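Let me begin by presenting the structure, written as structure tokens, before commenting on it.
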Amino acid sequence: MLLSLFIPFLFAITPALSQTDLECPDGDLQTYLLALIDALYAHGLTGYEDIVVSLSETDAGYQLLESLYTAPFLTILPPVDSALHLAGIQAPYTDLGNDTLANLFAFHTLQGDWGYDQLPKGPLKGVANSTLGMTGSDGGSSDTFKGQVMQQGDEGRVSIRMVVGNSTSWSGTIDLSPYPVLSNLRILPVDAVSPALLAEIDKLTSR
């Protein structure tokens, strides 16, 4: 009886972590991906967490996630849940297809470090390259999707002018200090996904 009184209290003080299990032949990669999933989950990015889990279950997606682990430094721009819902991007993603989902993730992953402090002082801008050109299923002919214009915004936010649509960072960079294995990542949540983006990625994927 006493134990049952303490259980709700323990849940209340325990940090929220994803309960996802990944089947991964590389133990170090599995640790890395579980840390990424937990970081997304802990910051309310459950839709993007679902995308990572879905990618891990396909060959193309697994290779894409493996490239995160081996990259020198990347900036991930995960759309918040409300942005994904507005764009019609929801689990289980059966209407997207594996290549489209992988390309969507690659489009929102930038080569290099693109936090607020890493950008030139306004009104100057930086031009970031997404990883879509490297991982697209069309053999790398997606150069038109690579350039994303980054600019310092208000209150530490980052303004992003994408090839398809615009976004602003949600609340700046999320704190990854509890996840030292993710030392090669910056995660900068964004507040919008252009409805036209999926249509453009579908065209790319079907080439």
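Can you pull out the GluC sites (Glu not before Pro) in the range 31-107 whose DSSP state is coil and whose Cβ has at most 14 other Cβ atoms within 10 Å? Sparse-neighbourhood loop GluC sites (Glu not before Pro): Glu57. Pulled fully out, how much extra length does the chain show between Ala71 and Thr58, if you take 0.36 nm times their separation in residues and subtract their Cα-Cα distance? Here the segment from Ala71 to Thr58 would lengthen by 2.7 nm. Annotation: extensible slack from Asp191 through Glu155 equals 11.5 nm (criterion: 0.36 nm per residue apart, minus Cα-Cα distance).
Bear in mind these aren't lab numbers, they're just calculated from the coordinates by the rules spelled out. Just so we're clear, the structure is a prediction, and the values are computed from it rather than from any experiment. Note that each Cβ is placed from the backbone with ideal geometry, even for glycine, and that neighbours are counted across all protein chains shown.
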